[in-house]
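The values are calculated or read from the model by the stated rules, or taken from the named source; none is laboratory data. Predicted, not measured: the structure shown is a model, and the values here were computed from it. In this analysis, Cβ positions are derived from the backbone assuming ideal geometry, glycine residues included, and neighbour counts consider all displayed protein chains. Side chains included, ligands, DNA and RNA excluded: accessible areas come from the protein's heavy atoms. Shrake-Rupley method; radii C 1.70, N 1.55, O 1.52, S 1.80 Å.
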Amino acid sequence: MTSAAPAAHLAELNLAKLRHPLDDPRMESFVELLNPVNAAADGAPGFIWRLVEEGAPDATALRPAGEDVIVTMSVWETPEALWEFTYRSGHLEVMRRRREWFDRHVEAYLVLWWVPAGHVPTVDEGLERLADLRANGPSPRAFTFASTYTATEAAGTLRADAVPTA
Amino acid sequence: MEDIDAIAALQDPVRRRLYEYVAEQGREVGRNEAAEATGVARTLAAHHLDKLAEAGLLESGSRRLTGRSGPGAGRPAKVYTRSRAERSISLPARDYRTAAELLAEAAEEAGLDDGLCAAARRRGEALRGPAESCDDVDAAMELLAARGYEPHIEDADEGTGGPASRVVRMRNCPFHAVAERFPPLVCGMNLALLEGLIGSDGAVRARMDARPGECCVIIEASKNNIH
């Protein structure tokens with residue numbers, strides 16, 4: 001490769017607290033949207049990776065943040081690519097109807113952070129970044145769409161075990 | 001350039017026609033095309049297009065309109081698109097945008113989506129007045145155009161529907177700045193407003209079908225959805 005490959009990719013972790021169990025009829029309309037929206041993510045510009053449970057099409061059965069909390073985690077080329085998918089694709093319909101299916105969050109439920117290109121983040125890593133965001137507010141280590149940092153600004157925080165430099 | 005100067009640049013009728021033509025196309029427009037479409041000489045069109053670009057109302061670039069490249073492909077032509085920047089002016093000075101952002105932030109934090117959407121639906125119905133629900137796509141387009149959505153019929157090869165299904169997409173989101181900051185809340189509000197405006201008993205319906213760079217709502221015949 002002679003072109004300058006991006007050295008960092010953007011990771012995202014999102015928690016959603018279920019109002020009802022996934023097999024409850026009141027969640028049916030959400031469950032129906034899972035496969036089409038996940039397929040849209042897989043085909044979206046700038047998409048690199050998303051968390052799935054082994055042998056399953058998604059990660060809804062993984063409950064690392066509590067029995068009634070589902071997680072999504074993914075990696076994207078840029079914040080813009082993730083933003084366009086999140087809010088300017090079929091995924092927006094899921095977001096619009098979020099109050100039907102999920103409890104409102106009091107604390108931050110979405111965290112963004114930069115990872116070295118090629119690195120696949122673990123759920124623990126994501127939860128740790130979310131805890132950082134909740135404890136310290138947005139920083140180059142852990143931020144949100146409303147307060148993004150560039151990969152350059154986050155250069156010292158790329159590794160999973162990086163400690164805050166400030 | 002100050003907003004007031006930029007807007008004043010549209011006072012010239014020829015310039016205004018050119019601006020509106022470029023904005024309506026939703027793509028890059030060359031000088032020849034703009035001149036022909038507005039019925040003015042090419043040099044005059046070029047002069048006004050450049051003035052509009054200077055005012056920041058249009059963006060200009062150059063492109064080989066033949067689609068060819070390399071030696072012999074011809075000189076690149078100057079092309080224009082509408083600028084993404086917003087211009088507004090209020091006399092006396094008012095700042096509804098900050099008010100909208102603060103209200104949206106508070107509504108988002110308090111989870112007031114349902115209440116906001118109910119209010120938006122009522123407002124849409126009130127705007128429609130005593131008229132019946134929209135029964136055809138053309139009537140819906142008129143309503144949308146009057147409210148600044150810049151509706152256009154989606155090209156047949158653009159969408160997934162067959163040629164029989166006419167889908168209206170909108171180039172402009174009237175709530176763009178707030179919608180970018182609070183997408184689910186404000187886009188949901190916009191959908192509810194349009195549902196109220198179009199009405200729920202007619203043959204057309206509003207549906208969310210977000211895509212980059214456009215309003216996130218489309219209007220389509222409700223009968224198309226019987227599979």
Task: C-alpha long axis of helix A:123-136 to longest principal axis of chain A, angle in ° - done: 80 degrees
TODO: Heavy atoms only, probe 1.4 Å: what % of the accessible area of segment A:72-123 goes to carbon and sulfur, would you let me know?
DONE: 55 percent
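If exposed means no more than 12 neighbouring beta carbons inside 10 Å and the site is in a DSSP loop, what's the longest run of chain B without any exposed trypsin sites (Lys or Arg not before Pro)? Numbers along the way, then the final one.
On the way: sites that count: B:27, B:68, B:84, B:94.
In chain B, the maximal stretch lacking such sites is B:95-227.
First measure r as the distance between the Cβ atoms of residue A:56 and residue B:200, then evaluate 1/(1 + (r/R0)^6) with R0 = 25 Å and state the FRET efficiency to the nearest 0.05.
With R0 = 25 Å, the Cβ-Cβ based efficiency is 0.05.
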TODO: For segment A:27-44, take each phi angle, set θ = phi - 60°, evaluate the Karplus expression 6.51 cos²θ - 1.76 cosθ + 1.60, and give the result in whole Hz per residue in order, putting x for glycine and proline.
DONE: 9, 4, 5, 6, 4, 5, 7, 4, 5, x, 6, 5, 5, 5, 5, 4, x, 6
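Over the protein assembly as shown, give the accessible area per residue in Å² for a 1.4 Å probe, as an integer. Don't skip to the answer; put the middle values down first.
Working: 21370 Å² over 393 residues.
About 54 Å² of surface per residue is accessible.
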- [ ] Show the residues, 5+ positions off or on another chain, whose built amide H is closer than 5 Å to the amide H of residue B:209.
- [x] B:217, B:218
TODO: With a/c under 1.5 counting as rounded, go ahead and sort segment A:65-106 into rounded, prolate or oblate using the C-alpha gyration tensor (a ≥ b ≥ c being the square roots of the eigenvalues; past the cut-off, prolate if a/b is larger than b/c, else oblate).
DONE: oblate
Open item on the list: Distance between the C-alpha centers of segment A:47-106 and segment B:68-138? Whole Å please.
Closed with: 27 Å
- [ ] Could you tell me which helices of chain B pass both thresholds, a Cα extent of 15 Å or more along their own axis and a mean Kyte-Doolittle hydropathy of at least 0.5, with helices taken as whole DSSP H runs?
- [x] B:183-198
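Report the relative contact order of chain B, percent, no decimals, based on alpha-carbon pairs under 8 angstrom and at least 6 residues apart.
On the way: 322 pairs, mean separation 39.5, N = 227.
Normalised by residue count, the contact order of chain B is 17 percent.
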Task: Sparse-neighbourhood loop sites, GluC sites (Glu not before Pro) in segment B:26-120 - DSSP loop, at most 12 other Cβ within 10 angstrom - done: B:86
Task: Residue with peak Gaussian network fluctuation, chain B [Cα springs, cutoff 10 Å], from B:23, B:93, B:126 - done: B:93
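Only Cα pairs under 8 Å and at least 6 apart count here; give the relative contact order of segment A:1-71 as a rounded whole percent.
Working: 47 pairs, mean separation 24.6, N = 71.
RCO, segment A:1-71: 35 percent.
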TODO: Compare the peptides B:186-199, A:14-27 by average per-residue count of other Cβ atoms within 10 angstrom and give them in order, highest first.
DONE: B:186-199, A:14-27
- [ ] For segment B:190-210, list whatever residues lose no less than 50 Å² of accessible surface once every protein chain is in place, relative to that chain by itself, with the probe at 1.4 Å.
- [x] B:208, B:210
Open item on the list: Using the Cα centre of chain B as the reference point, and only Cβ charges (+1 on K/R, -1 on D/E), how large is the resulting charge dipole? Debye, rounded to the nearest 20.
Closed with: 880 debye
Task: Charge context of residue B:50, other residues only, Cβ under 14 angstrom, K/R +1, D/E -1 - done: +2
Task: Accessible surface buried upon A-B contact (total; probe 1.4 Å; Å², nearest 100) - done: 1300 Å²
Open item on the list: I need to check one value: relative contact order of segment B:97-225, counting alpha carbon pairs closer than 8 Å and at least 6 residues apart, in percent.
Closed with: 34 percent
